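Engineer: Below you'll find the structure I mean.
The values are calculated or read from the model by the stated rules, or taken from the named source; none is laboratory data. Keep in mind it's a predicted model, so treat the numbers as computed, not measured. Neighbour counts are summed over all protein chains in view; Cβ atoms, including those assigned to glycine, are modelled from backbone coordinates with ideal geometry. Remember, those area values only see protein heavy atoms, side chains included, never the ligands or the DNA or RNA. Shrake-Rupley method; radii C 1.70, N 1.55, O 1.52, S 1.80 Å.
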Amino acid sequence: MLGLWLLLWGSVALGGRADTAFLHRARDGSGHCTYSFTVASPVEAACPEAAGGVPELRAELAALAARLSRLESRERGMGGSGPRGAEPGGPRDPQQVASTARLEAAYGELLRAKSRLEEEKGRLEREKEELGRRLEGSAQEISRLRARCAPGREGPGRDSLRAPAKGRAVRGPGRAPLTLPDPAAAPRWEPQPLAFQELQSQRTEVPVSRLLEETALGRPGKEDSGCGQLVWVGEPVVLGRADSIAGKYGVWMKDPAPVPPFTRDNTWRVDTVGTEVRQLFQYEEAEQLARGYPAKVHILPRPLESTGAVIYRGGLFFQPRHSRSVARYDLRGETITAEREIPGAGYHGQYPYSWGGYTDIDLAVDETGLWVIYSTEKARGAIVLSKLDPETLEIRRTWETNIRKRGVANSFLICGTLYTVSSYSAPNATINFAYDTATGTSRALSIPFENRFRYLSMLDYNPAERQLFAWDSFNMVTYPVRLSRA
């Protein structure tokens with residue numbers, strides 16, 4: 001580009017006296033560049049030098065040489081051609097090219113970073129302005145509130161609220177004058193200006209179990225709390241643990257209506273693993289059960305089946321093995337005093353709970369008396385309830401529910417209502433159904449129930465203690481419950 005520019009400039013300087021001018025560049029022995037012009041001419045007389053020269057042309061050429069010298073010095077300083085460099089227009093050093101490219105890339109990155117910083121600076125300035133406006137507004141609001149709260153400030157209705165002067169009599173309609181005490185002797189009351197505020201009403205539905213958990217209704221152990229619906233089951237409390245494989249499944253009981261010489265402190269236990277379950281362990285109190293040392297061992301005349309037995313009014317009520325009967329074993333006389341077949345009841349694995357264990361016939365006790373829970377072929381596997389006479393075991397009344405017996409893990413009765421548990425192994429199970437014998441209707445529930453040891457094989461309600469007794473994989477546990485008022 002530099003040579004082309006000089007060539008054009010030379011042509012202009014010659015004033016068009018030559019049609020074509022050529023620029024020649026060469027290096028002398030000292031490393032300097034030498035530039036020369038050649039103008040084509042058919043005769044020697046056409047060359048200005050041969051004609052004696054033109055002073056103006058000489059001056060132009062001298063200026064051009066000086067300018068070329070300055071350009072050469074500047075190009076040398078910028079890394080171009082010089083005494084040790086490559087000739088202009090020739091190949092350049094690859095290291096210089098790479099260095100130049102890196103510098104250009106770094107310079108471009110700096111420009112982009114500068115642009116980003118300028119944008120960030122603009123954003124921060126805008127946020128600063130917005131924050132300043134907010135602070136200014138907050139300061140004005142604080143000043144306004146301080147002005148309102150300042151002592152001595154008069155507000156609307158202030159005069160009507162001031163106390164009368166000392167000794168001033170105040171008379172109400174139809175009343176005798178009343179002299180008010182000295183206001184200076186009493187603390188000064190500084191009412192705020194009266195204002196109206198719009199109130200909004202919002203209704204939030206809260207589960208009844210959560211409401212009752214925060215009240216005194218239905219607390220366990222209260223004799224005068226009366227009957228009601230189950231609304232809450234607490235966390236299990238471990239009372240004792242079986243120490244052999246025979247105690248993986250079992251049943252433990254207390255008599256809610258004992259007869260002498262037994263009391264409510266007496267505790268009973270049966271380990272139900274085995275084909276000939278005959279041992280009934282008697283303990284003086286629950287602490288003795290926890291230690292594992294029975295006061296007496298009863299040997300039953302007939303082996304019992306599964307974990308459906310209960311203690312009530314001085315007798316053990318149980319299902320004899322391989323039968324659809326219910327028997328009463330008298331704890332004082334140590335004999336079977338009554339036995340009755342439950343018509344059509346399934347047994348030995350026909351209609352058990354979901355966990356199995358031959359739990360076809362399950363006995364229960366609540367505030368109203370003795371019950372038997374079972375199913376029949378006629379009911380097609382649905383739970384059937386029958387109320388029993390505790391002395392003769394005669395069936396007084398029967399209810400057929402719409403709850404599938406195999407679909408629930410266990411069941412119990414409270415105040416004439418049947419409750420079922422959703423799972424025997426899920427840690428976070430629920431009390432999922434209730435059947436009210438008073439109305440003959442069922443409803444779905446979702447009361448949390450914890451299977452802490454993941455294998456619930458027995459669950460009964462004790463109306464005297466208002467607790468659930470359970471056997472959960474070797475562990476004998478209790479659950480506190482709460483009832484709503486009927």
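Engineer: Report the charge-dipole magnitude of the stretch 226-483 in Debye, nearest 20, computed about the Cα centre from +1 at each Lys and Arg Cβ and -1 at each Asp and Glu Cβ.
Structural biologist: 480 debye
Engineer: Holding the Cα-Cα limit at 23 Å, pick out from Lys248/Lys296; Lys254/Lys387; Lys248/Lys387 the pairs that are longer than that.
Structural biologist: Long pairs (Cα-Cα over 23 Å): Lys248/Lys387.
Engineer: Further, regarding this structure: Over the stretch 226-483, with every protein chain in place, what whole percent of the accessible area is carbon and sulfur at 1.4 Å, could you tell me?
Structural biologist: Solvent-exposed carbon and sulfur of the stretch 226-483 make up 47 percent of the total.
Engineer: Rounded to the nearest whole Å², what accessible area per residue is found for the stretch 226-483 with the 1.4 Å probe?
Structural biologist: Accessible area per residue: 38 Å².
Engineer: Then there is this: What does the accessible area of Tyr351 come to, in Å² to the nearest 10, when a probe of 1.4 Å is used?
Structural biologist: 40 Å²
Engineer: How large is the dipole of the stretch 237-388 about the Cα centre if only Lys and Arg carry +1 and Asp and Glu carry -1, each at its Cβ, rounded to the nearest 20 debye?
Structural biologist: 200 debye
Engineer: Working only with C-alpha atoms, what are the Rg and Dmax values of the stretch 379-486, expressed in angstrom?
Structural biologist: According to the Cα coordinates of the stretch 379-486, Rg and Dmax are 14.2, 40 Å.
Engineer: Provide the net charge surrounding Arg126, with neighbours chosen by a C-beta distance below 15 Å and charges set as Lys +1, Arg +1, Asp -1, Glu -1.
Structural biologist: Charge balance in the 15 Å sphere: -2.
Engineer: Give the value in nm², to one decimal: projected area of the alpha carbon convex hull of the stretch 226-483, averaged over all directions.
Structural biologist: 11.8 nm²
Engineer: For the stretch 305-450, which semi-axes, largest first and in whole Å, follow from the square roots of 5 times the eigenvalues of its Cα gyration tensor?
Structural biologist: Square roots of five times the eigenvalues give 24, 16, 15 Å.
Engineer: Calculate I(q)/I(0) for the stretch 250-383 by the Debye formula, one identical point scatterer on each C-alpha and no solvent, and give its log10 at q = 0.09, 0.13, 0.21 Å⁻¹ to two decimals.
Structural biologist: -0.25, -0.53, -1.28
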